[in-house]
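Down below is the structure, laid out as structure tokens.
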Amino acid sequence: MSRKIALVTGGARRLGKDICLELGRSGFDVIFTYNKSSKEVVNNALSEIRKTGSDAIAYKCDLTKVKNITEVFDKIRKKYNRLDLLVNNAAIFERTEFTETTESFFDKFIETNIKSLFFCCQEAAKIMLKNKKETGRIINIASLGAIENWTGYIPYSISKTGVHKLTQQLGKKLAPYILVNAIAPGTVLIRNDENKTVDHSERKKYPMKRFAVSEDITSILRYLALENNYITGQMIVVDGGRSL
């Protein structure tokens, strides 16, 4: 099997789909998970990925349930018996006022944005560590919310801070056999997406005077997935200078 195997969580749409397309063009066969995306959206993503020359498979999975995560990785073992790259992209992002945040709302962020990521990393490591002749890679999509104080998004920011810390911990724990890094984007404009939630007045906070596009993120991801053989435990901020 000449092509490497990649799993991308939340890969049916937006940045997740663009990540899948970049990996397909870069020589990976791509598996992605989805949860609430329609059949039409999923089939469209599969079709576009296959046009890159990649094999593509989609698994429906509610990542907040560890049992579901285990089932996906069992399918990967059965079909490929290997995994070269895990991209933890799936996440939720919503605004909430601190005094109005309910327990269920808080739990939703923890379960989706950090608990699911932890157990995906755990399952991926079990597969990758069996093949110590090749270095596995895990790339987590983090956020500026991990380092800035967004008081309107406290549960989200807490969960993404967890992503940053888990990246550091696993970078140390899984070396030298698995490289674990994170990418923290600022606002990303997605082609063929209405980007209704984007406040374009926020551009003035970016020294580069523009928001990111998918290629700004996927180019870094490609480097970490294919060219990097030494960096681990790091969170690379791709924000056009906003955090400065």
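Any read-out appearing in this document is the output of simple, stated calculations on the displayed coordinates, not a laboratory observation. Computed from a predicted structure; not experimentally measured. In this analysis, Cβ positions are derived from the backbone assuming ideal geometry, glycine residues included, and neighbour counts consider all displayed protein chains.
Among 37, 159, 26, which comes first, second and so on when ranked by fewest other beta-carbon atoms within 10 Å?
Least to most surrounded, the residues fall as 26, 37, 159.
Hey, quick one: spin label on residue 244, modelled 7 Å out along Cα-Cβ, who in segment 166-191 has an amide N within reach, i.e. under 19 Å?
Of the residues in segment 166-191, 184-188 have backbone N under 19 Å from the label point off residue 244.
Among the lysines, select those whose C-alpha is under 30 Å from the C-alpha of residue 205, and discard any that sit fewer than 8 residues away in the same chain.
Partners within reach: 17, 108, 160, 165, 196.
Sequence-distant or interchain residues sharing an amide H contact under 5 Å with residue 239, placed H: which?
Long-range HN contacts for residue 239: 186.
Hey, rough spin-label estimate for residue 147 and residue 199, points 7 angstrom out along Cα→Cβ, what's it come to in nanometres?
Here the modelled spin labels are 2.1 nm apart.
So what is the relative contact order of segment 4-238, in percent, for Cα pairs below 8 Å that sit 6 or more residues apart? Please report the intermediate quantities before stating the final value.
Values: 416 pairs, mean separation 42.6, N = 235.
Dividing the mean separation by the residue count of segment 4-238 yields 18 percent.
Which of the chymotrypsin sites (Phe, Trp or Tyr not before Pro) across segment 135-234 are loop residues per DSSP, with 16 or fewer other Cβ within 10 Å?
150, 177, 230
Report, in whole Å, the centroid distance computed from the Cα atoms of segment 85-99 and segment 216-244.
Cα centroid of segment 85-99 versus Cα centroid of segment 216-244: 19 Å apart.
Could you tell me which trypsin sites (Lys or Arg not before Pro) in segment 104-193 are loop residues by DSSP with no more than 14 other beta carbons within 10 angstrom of their beta carbon?
Numbers: sites: 108, 115, 126, 130, 132, 133, 137, 160, 165, 172, 173, 191; in loops: 130, 132, 133, 191.
Answer by residue number: 130, 132, 133, 191.
Relative to 2.2 N^0.38 Å, what does the C-alpha radius of gyration of segment 19-132 come to as a ratio? Two decimals please. Please report the intermediate quantities before stating the final value.
Details: Rg = 15.8 Å, N = 114, 2.2 N^0.38 = 13.3 Å.
Working it through for segment 19-132, the quotient is 1.19.
When the chain is fully extended, how far beyond the present Cα-Cα distance does residue 60 get from residue 129, taking 0.36 nm per residue of separation? Present the calculation step by step, with values, prior to reporting the outcome.
Working: separation 69, 0.36 × 69 = 24.84 nm, distance 2.56 nm.
Once the chain is fully extended between residue 60 and residue 129, it gains 22.3 nm.
Which GluC sites (Glu not before Pro) does segment 80-120 hold that lie in a coil by DSSP with at most 10 other beta carbons within 10 Å? Intermediate results must be reported in sequence, preceding the final value.
Working: sites: 94, 97, 100, 103, 111; in loops: 94, 97.
Passing sites in segment 80-120 are 97.
How much mean residue ellipticity at 222 nm does the chain get from its helices, if each DSSP H run of length 4 or more adds -39500 (n - 2.57) and you divide by all residues, to the nearest 500 deg cm²/dmol?
Numbers: 7 runs with 88 residues, N = 244.
For the chain, the value works out to -11500 deg cm²/dmol.
For the chain, take the convex hull of the Cα atoms, compute a quarter of its surface area, and give me that in nm², please.
On the way: hull surface 52.1 nm².
For the chain, averaging the hull's shadow over all directions gives 13.0 nm².
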